[in-house]
Amino acid sequence: ASDLRRGMPSAHRRFQAMHEKAGWRGSAGQFGEGAAILLGNLLLIWSGEMWRNSGLPVESLAAAQRIHDHMRTELMCGQYLDLLEQAHDENTFESALRVALFKSGKYSVEQPLRLGLVLAARGGEPWIDRLCEEYGRSVGIAFQLRDDVLGVFGDPAETGKPAGDDLREGKRTMLVARALSVATPLQARTVEETLGDPGLDAAGIARLRQIIEETGALAACESMIKEYLDHALVSLDDAPITPRSRTALADLAVAATSRRT
């Protein structure tokens, strides 16, 4: 629901503005959302075309097809879990971690890494699954934890989206779950009453940020990011990959978990 992404109007807002400027009939908001969903579907179709027409050897594509299909299925399941988490308010750390794993960890890092390794090897190798799970999941979860922190404490000039939008949208992130697990009754009531309020003002955002810091949730998430990063880097030590690949994956892990956008 963010108005901005990467410093520019989100797709649904662009289409909404088109509708409003032209003075078309019906709801501009519904038109914007519907057109943005269709755009997402179109991009998914194009990604399939790019996959089939990539020019890679037929045997490599055949070996990796199952992973490619599974990755896209996991992505949809992860996005659904994200919606479900906001709807039913379970909001335990374990449920938020599950969302992070499927919404971000698997499709952002673990499965693309597996896809590339299987394409290169033209088949599966036992060490591929081990590396993807130990390195890929660790980096993926740490990546999502960093995203949670940026969604609350990020600088709009760097993130490209309004500050506190995750709080206005009511995202039940690992950061929020950690805060609620140790919050005082008053702090917990404040979070439950204000999280997800689309009209949340700067003072409300500041109060929620204060609670997240006072409960130690921010410090705990930063500590977890470091632990996941350290685990990912250690997993590269005995992987049967080239020194150049090891360096590239180590650099990727650091970049993904220390980013500011």
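The values are calculated or read from the model by the stated rules, or taken from the named source; none is laboratory data. Predicted model, so just to flag it, every value in this text is computed and none were measured. As a convention, Cβ positions derive from the backbone with ideal geometry for all residues, glycine included, and neighbour counts pool all protein chains shown. The protein model used for the area step is the full one, side chains on, heavy atoms only, and it has no ligands, DNA or RNA in it. Shrake-Rupley method; radii C 1.70, N 1.55, O 1.52, S 1.80 Å.
Please verify whether L167 is open to solvent by less than 70 Å² (accessible area, probe 1.4 Å), under 26 Å from R259 (Cβ atoms) and either free of Cβ contacts under 8 Å to residues at least 24 places away in the same chain or within 18 Å of the chain's Cα centre (by Cα) (or both), treating the condition exactly as stated. Judged against the criteria, L167 is a match. Considering the range 69-100 alone, what residues qualify as being touching a residue at least 24 places away in the same chain (Cβ under 8 Å), within 17 Å of G116 (Cβ to Cβ) and not aliphatic (A, V, I, L, M)? H70, R72, E74 - these are the residues of the range 69-100 that are touching a residue at least 24 places away in the same chain (Cβ under 8 Å), within 17 Å of G116 (Cβ to Cβ) and not aliphatic (A, V, I, L, M). Among residues of the range 40-68 that are at pLDDT below 95, those with a beta-carbon under 6 Å from a residue that is small (G, A, S) and not in a helix (DSSP H, G or I) at least six positions away or on a different chain give the pairs A63/G123.
This table checks each residue for (1) over 22 Å from R178 (Cβ atoms); (2) acidic (D, E).
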{"residue": "V58", "(1), (2)": "yes, no"}
{"residue": "L61", "(1), (2)": "yes, no"}
{"residue": "I67", "(1), (2)": "yes, no"}
{"residue": "G78", "(1), (2)": "no, no"}
{"residue": "L81", "(1), (2)": "no, no"}
{"residue": "R98", "(1), (2)": "no, no"}
{"residue": "S104", "(1), (2)": "no, no"}
{"residue": "E110", "(1), (2)": "yes, yes"}
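If you filter the range 120-139 down to residues that are of a type outside the set (A, V, I, L, M, F, W, C) and more than 23 Å from the chain's Cα centre (by Cα), you find that the one that is surrounded by the fewest Cβ atoms within 10 Å (Cβ to Cβ) is P126.
Kindly indicate whether any position in the range 79-89 is acidic (D, E) and closer than 23 Å to I241 by Cα. Give the steps one after another, and end with the answer.
From the range 79-89, those acidic (D, E) are 82, 85, 89; that's our starting set.
If we keep only those that are closer than 23 Å to I241 by Cα too, we end up with none.
Checked the range 79-89: no residue is acidic (D, E) and closer than 23 Å to I241 by Cα.
Just to be sure before I move on: is Q79 closer than 30 Å to V58 by Cα, modelled with pLDDT of 85 or more and either in a helix (DSSP H, G or I) or within 14 Å of the chain's Cα centre (by Cα) (or both) in the structure I sent? Spell out how you get there, then give the answer.
Numbers: closer than 30 Å to V58 by Cα: no; modelled with pLDDT of 85 or more: yes; either in a helix (DSSP H, G or I) or within 14 Å of the chain's Cα centre (by Cα) (or both): yes.
So Q79 fails the test.
Looking across the range 211-234 at every residue that is open to solvent by 80 Å² or more (accessible area, probe 1.4 Å) and closer than 19 Å to F153 by Cβ, the one that is nearest to the chain's Cα centre (by Cα) is identified as K226. Report whether or not E59 is open to solvent by 50 Å² or more (accessible area, probe 1.4 Å) and closer than 26 Å to K103 by Cβ. Against the criterion (open to solvent by 50 Å² or more (accessible area, probe 1.4 Å) and closer than 26 Å to K103 by Cβ), E59 does not qualify. Go through (1) part of a helix (DSSP H, G or I); (2) modelled with pLDDT under 95; (3) open to solvent by 60 Å² or more (accessible area, probe 1.4 Å) for D237 and report which single condition fails. D237 satisfies every listed condition except (1).
A single member of N91, N41, N53 is on the phi > 0 side of the Ramachandran plot, out of contact with any Phe, Trp or Tyr (no Cβ under 8 Å at 6 or more places or on another chain) and among the polar types (S, T, N, Q), and it is N91. Applying the condition of being in contact with a helix residue (DSSP H, G or I) (Cβ under 8 Å, 6 or more places away or on another chain) and outside any loop (DSSP other than H, G, I, E, B) to the range 193-206 and asking which residue is most open to solvent (accessible area, probe 1.4 Å) yields T194. Inside the range 35-56, residues that are open to solvent by 100 Å² or more (accessible area, probe 1.4 Å) and either acidic (D, E) or under 22 Å from K161 (Cα atoms) (or both) make up a count of 1. Sub-6 Å Cβ pairs linking a first residue in the range 12-34 that is open to solvent by 70 Å² or more (accessible area, probe 1.4 Å) to a second residue that is modelled with pLDDT of 95 or more and small (G, A, S), at least 6 apart or interchain, are E20/A28, ordered by first then second residue. For beta carbons closer than 8 Å, sequence separation of 6+ or different chains, a first residue in the range 212-237 that is among the acidic types (D, E) and a second that is surrounded by fewer than 21 Cβ atoms within 10 Å (Cβ to Cβ), the qualifying pairs are E213/A219; E214/Q187; E222/V149.
Here is a yes/no grid of residues against (1) of a type outside the set (K, R); (2) over 16 Å from T257 (Cα atoms); (3) in a helix (DSSP H, G or I); (4) open to solvent by less than 10 Å² (accessible area, probe 1.4 Å):
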| site | (1), (2), (3), (4) |
| --- | --- |
| Q144 | yes, no, yes, no |
| L150 | yes, no, yes, no |
| A157 | yes, yes, yes, no |
| K161 | no, yes, no, no |
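Would you call E94 surrounded by 17 or more Cβ atoms within 10 Å (Cβ to Cβ) and not polar (S, T, N, Q)? Please lay out each step first, then the result.
Working: surrounded by 17 or more Cβ atoms within 10 Å (Cβ to Cβ): no; not polar (S, T, N, Q): yes.
No.
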